Amino acid sequence: MKAFRYSALDPTGKTVNGSAYAHTSADLRDQLLETRMHPLRIRPALFQGRRTLSLSDGEAARLGKDLAQLLTSGLSISQALGLLQARESPRLASIARELRSRLAAGEPLSSALGGVQGQPARFLQALARAGEASGRQAEVLAAGAVSLAAADTLKKRLITLSVYPAFVILIAFGSIAVYAYAVLPALEPAFAGLGDDIPRQTRLVLQFGSVARTIIPVLALLAAGVSLTLAVSAPARTLARDQIAGLLLRGRRSPFQDFIFSSLASRLAVMLKAGVPLAAAWRLAREPVTIAGLARALAAQDSRLMEGAKLSDAIAAIPQSPPDLIHYVALGEQSGQTPQALSDGSMAMASRAQETLERLLSILTPLVIVAVGALVGLITLMVFQGLLAVGDAVSA
């Protein structure tokens, strides 16, 4: 399937722009018409990967929830997917159509979902396997949809919290660039004839501007090269993601660590509540984790759990595991309520991840603002000292 961009009129007459997957543009046109949208323009997406089907957390949660509702009403999976083709957005409708065609070819839902990329799709695939093994497909999908929706909400909240500090830092670099390219070059001719009479601080500022004008283009080219490499190379994206994730996982109170293990605990709780055996549930719950080092550490516990080891011992053997999760699981094992303990631990870690990030950003943002203000003020002061020196030289 190929990725397409489209513009269409919805039933209310509003113009909608989006992306969707189809074998041809004519197939996408038919998909849009089935969803009561009138296509205005369809064109291939700029970048085409070999496997373009993918789901975000929110889309996976919606797909799982809708499938669970339709299956509960007595429909088969194929019939449910057929209804979703007409009810969902073109993007989800194209995925539902692809899943339905694979089901028609004899594949189970868990196998059909293997054609969809992304961590949320892998979780849905694990849920489908659990549902097929337990005979409780609708129940498992519904519980998994709740977990995916919670992860999507937390992820969006963390991104929203990061937008303002990122904007402030961008403004800081922009201010430095303006001084380096516009302000300082305009003032340099005024200082040209003073020689050693220019204050040392002013000379340092002028040298800083010269160095900045040399470095900024190099950094811009380097950033453009890295961005292009990441855009076209999947191995490069994987390597960069693993390196960044490894840095973010360090520390006992890392919000990223809490976020990852919160999602893991939530998935494991869903599997155990569905009646999946612990070893199999662990394997299914850890599959969506793709961070290389952490994924290896999680996979190393498969054999221990198959041999009958306690879940709390297996989690404690993973270096990055939050101590609170180990505590929750140990209490759950003692009380015979491990799935509920995992759910409680997941919610606690998700709340702590958000709280920790809010606290860090509430400190970081004012510090960046003060640093930028101090830097701009210091540069301005040094420039005015030089101008005063020019005035003294002229009056003399």
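The values are calculated or read from the model by the stated rules, or taken from the named source; none is laboratory data. Since we're looking at a predicted model, the values are computed, not measured. Please note: Cβ atoms are built from the backbone with ideal geometry, for glycine as well, and neighbour counts cover all protein chains shown. For accessibility, only protein heavy atoms count, side chains too; no ligands or nucleic acids. Shrake-Rupley method; radii C 1.70, N 1.55, O 1.52, S 1.80 Å.
Given +1 at the Cβ of Lys and Arg, -1 at the Cβ of Asp and Glu and no other charges, the dipole of the chain around its Cα centre is 780 debye to the nearest 20. If the chain linking Ala317 and Gln69 were pulled fully straight, counting 0.36 nm for each residue of separation and taking away their Cα-Cα distance, it would gain 85.4 nm. Computed from the C-beta positions of Val163 and Asp242 and an R0 of 35 Å, the FRET efficiency is 0.90 to the nearest 0.05. Equivalent ellipsoid of the chain: semi-axes from √(5λ) of the C-alpha gyration tensor, largest first, are 52, 31, 17 Å.
Placing pseudo-labels 7 Å out from each Cα toward the beta carbon at Val232 and Gln340 gives an inter-label distance of 5.7 nm. Work from the charge dipole of the chain (Cβ charges, +1 for Lys and Arg, -1 for Asp and Glu, about the Cα centre) and give the residue of Ile169, Ala371, Pro288 farthest towards its positive end. Farthest towards the positive pole: Pro288. For the set Asp30, Asp302, the ranking by accessible area, highest first and with no ligand, DNA or RNA atoms included, is Asp30, Asp302 under a 1.4 Å probe.
Considering segment 104-158 at the alpha-carbon level, its Rg and Dmax are found to be 12.3, 41 Å. Split the accessible area of segment 109-237 by element, probe 1.4 Å, and carbon with sulfur accounts for 68%. Modelled label positions at Ile369 and Ser89, each set 7 Å beyond Cα in the direction of Cβ, lie 3.3 nm from each other.
Quick one: if the Förster radius is 22 Å, what FRET efficiency do Arg36 and Ser7 give, using the C-beta to C-beta distance and rounding to 0.05? Result of the calculation: an efficiency of 0.90.
Quick one: if the Förster radius is 56 Å, what FRET efficiency do Glu107 and Ser175 give, using the C-beta to C-beta distance and rounding to 0.05? My answer for the efficiency is 0.50.
Comparing mean-square fluctuations of Ala126, Ala220, Ala138 from a GNM of the chain with C-alpha springs under 10 Å, the top value falls on Ala220. Across segment 160-175, rounded Karplus estimates of 3J(HN,Hα) from the backbone phi angles (6.51 cos²θ - 1.76 cosθ + 1.60, θ = phi - 60°) give 4, 5, 8, 5, 5, x, 4, 5, 5, 5, 4, 4, 4, 5, x, 5 Hz, Gly and Pro being marked x. With helices as the sole contributors, the chain gives -24500 deg cm²/dmol at 222 nm; each DSSP H run of n ≥ 4 counts as -39500 (n - 2.57), and the sum is divided by every residue.
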